[in-house]
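Okay, so here's the structure we're looking at.
The values are calculated or read from the model by the stated rules, or taken from the named source; none is laboratory data. Not measured: the values here are computed from a predicted model. No Cβ is skipped: glycine too gets one built from the backbone with ideal geometry, and neighbour counts run over all protein chains shown. When the accessible area is computed, the model is the full protein with side chains, heavy atoms only, and any ligands, DNA or RNA have been set aside. Shrake-Rupley method; radii C 1.70, N 1.55, O 1.52, S 1.80 Å.
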Amino acid sequence: MYKAVVFDFDGTIVDTEQHLYEVINKYLKEDQVEPISIDFYRDSIGGAATELQEHIVNAVGQQRKDFIYHMHSQSSASLPIRPTIKALMAFLKQRHIPMAIATSSNREDIMPTFKALGLDNYIEVVVGSEDVDNVKPDPELYLTAVQQLNYSPSHCLAIEDSVNGATAAIRAGLDVIVNTNRMTEVQDFSNVDFVAKDVGADEIIKKFFTK
């Protein structure tokens, strides 16, 4: 039985990936710029998204790019927690099993959604891109999160939605469950050594948290 759980944020706790894709294209269209393709967006998921952000900057400028991401951050606060995660968090809190977030996003950028969803009632540690030198698929985010939880990686379970994120967790020494979304379900997870994939809260609890 695991002693702590570390969640990815974007696409795992909340389906912000689809939302960001739609927000980006909304404002690109307003600026009469060709929208990005879904495949191009999907390639950016789970990491620094450097190529995506550079593309937007080249198309509309840094200030407009920052505005687009700000609007995404603010409007994401209305998105719901994914049902599996909501049920799992409720169980973990009841059992006093600590939880953390390890996200390649800027920690401050996810705070509007984090607070709107009341995640501070569940999550003890939030580690974002400003807290590390390298984001996923590098393991540093996960290593930092488990260190702050004061557990060894082998005692922690990661919940991820992308290849980059799952790879980061495994490299850090955590077992990982992959629960995909509409954006990541087409990714190739054949080289990812996950312990479960696309499973509900009841199955996770029964398999990993019930003796």
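Looking for whichever is within 15 Å of the chain's Cα centre (by Cα) and surrounded by fewer than 19 Cβ atoms within 10 Å (Cβ to Cβ) here; the options are Met183, Met111. Which one fits?
Details: Met183 fails: surrounded by fewer than 19 Cβ atoms within 10 Å (Cβ to Cβ).
Being within 15 Å of the chain's Cα centre (by Cα) and surrounded by fewer than 19 Cβ atoms within 10 Å (Cβ to Cβ) holds for just one of Met183, Met111, which is Met111.
Which pairs turn up if I take residues in the stretch 61-78 that are open to solvent by 70 Å² or more (accessible area, probe 1.4 Å) and look for partners that are assigned to a helix (DSSP H, G or I) and among the acidic types (Asp, Glu) with beta carbon separation below 9 Å, at least 6 apart in sequence or on another chain?
Within 9 Å, the pairs are His70/Asp109.
Which of the residues spanning the stretch 89-110 are more than 25 Å from Gly200 (Cβ to Cβ) and not acidic (Asp, Glu)? Show your work before the answer.
If we filter the stretch 89-110 for residues that are more than 25 Å from Gly200 (Cβ to Cβ), which is where we start, we get 104-109.
Scanning the stretch 89-110 gives Ser104, Ser105, Asn106, Arg107.
Do you know which residues across the stretch 48-72 are within 16 Å of Thr16 (Cβ to Cβ) and part of a helix (DSSP H, G or I)?
Correct list: Leu52, Gln53, Ile68, Tyr69, His70, Met71, His72.
State which residue pairs qualify: first residue farther than 18 Å from Glu130 by Cβ and at pLDDT 95 or above and inside the stretch 141-153, second residue acidic (Asp, Glu) and open to solvent by less than 30 Å² (accessible area, probe 1.4 Å) in any location, beta carbons under 6 Å apart, and separation of 6 or more residues or different chains.
That search, which allows pairs on different chains as well, returns nothing.
What's the total number of residues in the stretch 162-208 that are under 24 Å from Thr144 (Cβ atoms) and out of contact with any strand residue (DSSP E or B) (no Cβ under 7 Å at 6 or more places or on another chain)?
11
Yes/no matrix, rows are residues, columns are (1) closer than 14 Å to Gly47 by Cβ; (2) open to solvent by 30 Å² or more (accessible area, probe 1.4 Å); (3) touching a residue at least 40 places away in the same chain (Cβ under 8 Å); (4) among the acidic types (Asp, Glu):
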residue: Ala90; (1), (2), (3), (4): no, yes, no, no
residue: Thr103; (1), (2), (3), (4): yes, no, yes, no
residue: Tyr122; (1), (2), (3), (4): no, yes, no, no
residue: Ser129; (1), (2), (3), (4): yes, yes, yes, no
residue: Lys136; (1), (2), (3), (4): yes, no, yes, no
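Among the residues of the stretch 128-144, are any farther than 19 Å from Leu157 by Cβ, among the β-branched types (Val, Ile, Thr) and in the same structural domain as Asp161 (by the TED database)?
Within the stretch 128-144, the first condition is being farther than 19 Å from Leu157 by Cβ, and the residues that meet it are 128-135, 138.
Within this subset, residues satisfying the condition of being among the β-branched types (Val, Ile, Thr) are 132, 135.
Next, only the ones that are in the same structural domain as Asp161 (by the TED database) stay: 132, 135.
Looking for residues that are farther than 19 Å from Leu157 by Cβ, among the β-branched types (Val, Ile, Thr) and in the same structural domain as Asp161 (by the TED database), one finds at least one in the stretch 128-144, hence yes.
Tyr21 - would you say it is in a helix (DSSP H, G or I), touching a residue at least 60 places away in the same chain (Cβ under 8 Å) and either open to solvent by less than 80 Å² (accessible area, probe 1.4 Å) or assigned by the TED database to the domain that holds Asp198 (or both)? Spell out the reasoning first.
Values: in a helix (DSSP H, G or I): yes; touching a residue at least 60 places away in the same chain (Cβ under 8 Å): yes; either open to solvent by less than 80 Å² (accessible area, probe 1.4 Å) or assigned by the TED database to the domain that holds Asp198 (or both): yes.
In short, yes.
From Tyr41, Tyr2, grab the single residue that is farther than 21 Å from Leu117 by Cβ and either modelled with pLDDT of 95 or more or assigned by the TED database to the domain that holds Cys156 (or both).
Exactly one of Tyr41, Tyr2 is farther than 21 Å from Leu117 by Cβ and either modelled with pLDDT of 95 or more or assigned by the TED database to the domain that holds Cys156 (or both), namely Tyr2.
Tell me yes or no: at least one residue of the stretch 184-191 is in contact with a Phe, Trp or Tyr (Cβ under 8 Å, 6 or more places away or on another chain) and more than 11 Å from Phe7 (Cβ to Cβ).
Within the stretch 184-191, the first condition is being in contact with a Phe, Trp or Tyr (Cβ under 8 Å, 6 or more places away or on another chain), and the residues that meet it are none.
There is no residue in the stretch 184-191 that is in contact with a Phe, Trp or Tyr (Cβ under 8 Å, 6 or more places away or on another chain) and more than 11 Å from Phe7 (Cβ to Cβ).
So, in the stretch 79-88, exactly how many residues are open to solvent by 70 Å² or more (accessible area, probe 1.4 Å) and outside any loop (DSSP other than H, G, I, E, B)?
Going residue by residue through the stretch 79-88, those that are open to solvent by 70 Å² or more (accessible area, probe 1.4 Å) are 80, 83, 86.
After this cut, where a residue has to be outside any loop (DSSP other than H, G, I, E, B) as well, the list is 83, 86.
Residues flagged as open to solvent by 70 Å² or more (accessible area, probe 1.4 Å) and outside any loop (DSSP other than H, G, I, E, B) within the stretch 79-88 amount to 2.
For the stretch 141-180, name all the residues that are within 12 Å of the chain's Cα centre (by Cα) and among the aliphatic types (A, V, I, L, M).
Leu141, Ala158, Ile159, Val163, Ala166, Ala168, Ala169, Val178
Using the structure shown, decide if Ile13 is of a type in the set (A, V, I, L, M) and modelled with pLDDT under 95. Full working, then the answer.
Working: of a type in the set (A, V, I, L, M): yes; modelled with pLDDT under 95: no.
For Ile13, the condition - of a type in the set (A, V, I, L, M) and modelled with pLDDT under 95 - is not met.
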